[in-house]
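Data first, discussion second: the structure below is written as structure tokens.
The values are calculated or read from the model by the stated rules, or taken from the named source; none is laboratory data. Computed from a predicted structure; not experimentally measured. Please note: Cβ atoms are built from the backbone with ideal geometry, for glycine as well, and neighbour counts cover all protein chains shown.
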Amino acid sequence: MAVIEARAAAVAQLREDALADLRAALPAANLVAAQRCAVRLLAALPHQDRLERNLVLVAYGGGKDSSYTLAFVRTMQLLLLEERSSTFRLRVATNRHAGMPRAVLENIDREYRALQLAADPDCELLLIDGDEVSVFDVDSPQREAVVNRNRLDILMTGHRTFADGRPTFCNACNLSVVNSFGIAASYGDGADLMITGDSQQEQRQYTLWVGRLARRLNPSRVATGTGLGRLLSTVDGISQGYFADIHGADSRDAIAQRRVSHEVPERLRFFSIYDDTEYASGDHLDLLTGFLGFRFDDIAFSFTESDCGNPALMAHLRGLKCERVYRRSYAEGMQEYVEFALGLMRSKDFPPHLVEQMRARYAGPGALEQMRRAAEDYAWQTFALTEEQLVCMAYSPFADRGAGLARFLAQEHPALVERLGAVEALLAGEPGAPGELADELERISGLRLAQLQVLYRSSLRGGSAAGAIDAVLVGDPHKALIRTRFSEHGPDTVEQISGR
């Protein structure tokens, strides 16, 4: 009994200390907002008589915005405990993909320590790798199956979009994030409320967009469940339709591996903190970089993202595209992407000093060469992708029945030009096609012959047969028309690029 009492006293002291630290760290206006929001949250909890029966879920990606959201929700949890002598349980779930560098996990770990979450028995810290759930551990290694899946999605999508940033890296990743919501919400006894920072209007717009996209990509699919479960079921239909287009309708294992979990408790509801946390980006940077220990790593903080290294690779691919496809210079391509991405940062109200920090990273003597080497290292260490394979993706030579194949071979692999017909026969799966070319094509592209044959039968983005990629990108704000040239001495023209 004495041991139990001592543990209870230690936990009570930990929570008092955590709340005192938050009161000292939070600006007064944010503390008032947390108190106001806690009243609304209390009214929304289903178990009013026993608050400890309620489980509130926070999806925490490790970026600057979700870091503040978690601190805000932890403050509400402790305020209710102080006022009611009881409070809700908190589940924090992080979806990890291959593009999440260790620096992000270290930011997460520092915040957990600052908020004293790991030692609080009413707080559950989960790490989700694909469909695998484990307790968060900063030293937990990346899962090979997830890395391989992410790599294949990047290549299969990038080879249909000329390596355009947003679809190549974000489409599949966004679906995996939604899948993690379903997994985290149904884990154990399930969650009662899931915190969101989206406004009611944004939630309605997203639901309408999901419905329209589902009807476009998987019209025969009938969503099941109610509430949030029905929304997740609809996204699962989108996922199946999207990946059938990307990997081929016969790739049943690949499609099944990318399904979106939607068997969540019927009681599950969204709770929006938007009205109490609406702020100009940058208002909480002192809290983040001070008390919460957030660090803006050179790779993890890339343009609009502070929890993903992939945007640095998007910029690198633009440089490679201009250098190798358009026969201009790497620096011109990088500059095109940097200006585009800095515009995205400004549109998202990033603090001017962070915009300047990003601009400076790609400016000055030796800066571009340094970032090029960093991106090359990141591509290899994260996805096992060589520069040769990235260049191949920028050409997208295999899709649309090899529409760009002749040019690609002429510019990058002239020794294969005379074998163009044999390569096409192999890609088309013609009987008697020379199989010895398959290993060479795999080295060049990073894809096996069966995957290249799927590409050969697939449309290119923007082609006459608009596919799933085009449907997903309709209305996406992370794109723009830029001024560019398609050859060294070509006329100025416009091209749409996208990214983060």
Every listed condition ((1) out of contact with any Phe, Trp or Tyr (no Cβ under 7 Å at 6 or more places or on another chain); (2) without any contact (Cβ under 8 Å) to a residue 60 or more places away in the chain; (3) buried (at least 20 other Cβ atoms within 10 Å of the Cβ)) holds for SER498 save (2)
Restrict the check to segment 322-335 and report whether at least one residue is among the β-branched types (Val, Ile, Thr), surrounded by 21 or more Cβ atoms within 10 Å (Cβ to Cβ) and assigned to a helix (DSSP H, G or I). yes
For segment 245-280, name all the residues that are without any contact (Cβ under 8 Å) to a residue 40 or more places away in the chain, surrounded by fewer than 19 Cβ atoms within 10 Å (Cβ to Cβ) and part of a helix (DSSP H, G or I). ARG252, ASP253, ALA256
Restricting attention to segment 189-197, does a residue exist that is in contact with a helix residue (DSSP H, G or I) (Cβ under 8 Å, 6 or more places away or on another chain), in contact (Cβ under 8 Å) with a residue 24 or more places away in the chain and not aliphatic (A, V, I, L, M)? yes
Given THR157, THR196, which one is surrounded by 23 or more Cβ atoms within 10 Å (Cβ to Cβ), among the hydroxyl-bearing types (Ser, Thr, Tyr) and either farther than 25 Å from VAL454 by Cβ or at pLDDT 95 or above (or both)? THR157
Single unsatisfied condition, ALA471 versus (1) hydrophobic (A, V, I, L, M, F, W, C); (2) in a loop (DSSP other than H, G, I, E, B); (3) surrounded by 15 or more Cβ atoms within 10 Å (Cβ to Cβ): (2)
Expected single match for charged (D, E, K, R), modelled with pLDDT of 95 or more, surrounded by fewer than 23 Cβ atoms within 10 Å (Cβ to Cβ) and not in a loop (DSSP other than H, G, I, E, B) among ARG110, ARG74 is ARG110
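One line per residue, one yes/no per condition, for (1) among the charged types (D, E, K, R); (2) farther than 28 Å from GLN389 by Cβ; (3) more than 17 Å from the chain's Cα centre (by Cα):
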site	(1), (2), (3)
THR277	no, yes, yes
ARG295	yes, yes, yes
LEU320	no, no, yes
GLU339	yes, no, yes
Residue check, GLU52 among the charged types (D, E, K, R), modelled with pLDDT of 95 or more and in contact with a strand residue (DSSP E or B) (Cβ under 9 Å, 6 or more places away or on another chain): yes
Taking GLU202 and the conditions (1) surrounded by fewer than 18 Cβ atoms within 10 Å (Cβ to Cβ); (2) acidic (Asp, Glu); (3) closer than 26 Å to GLN451 by Cβ, which numbered condition does it fall short on, given that it satisfies the others? (3)
Please specify each residue of segment 136-177 satisfying the condition of being free of Cβ contacts under 8 Å to residues at least 12 places away in the same chain and within 14 Å of VAL472 (Cβ to Cβ). ASN174
Residues located in segment 404-421, provided they are surrounded by fewer than 16 Cβ atoms within 10 Å (Cβ to Cβ) and either small (Gly, Ala, Ser) or not in a helix (DSSP H, G or I) (or both): ALA406, ALA410, ALA415, GLY421
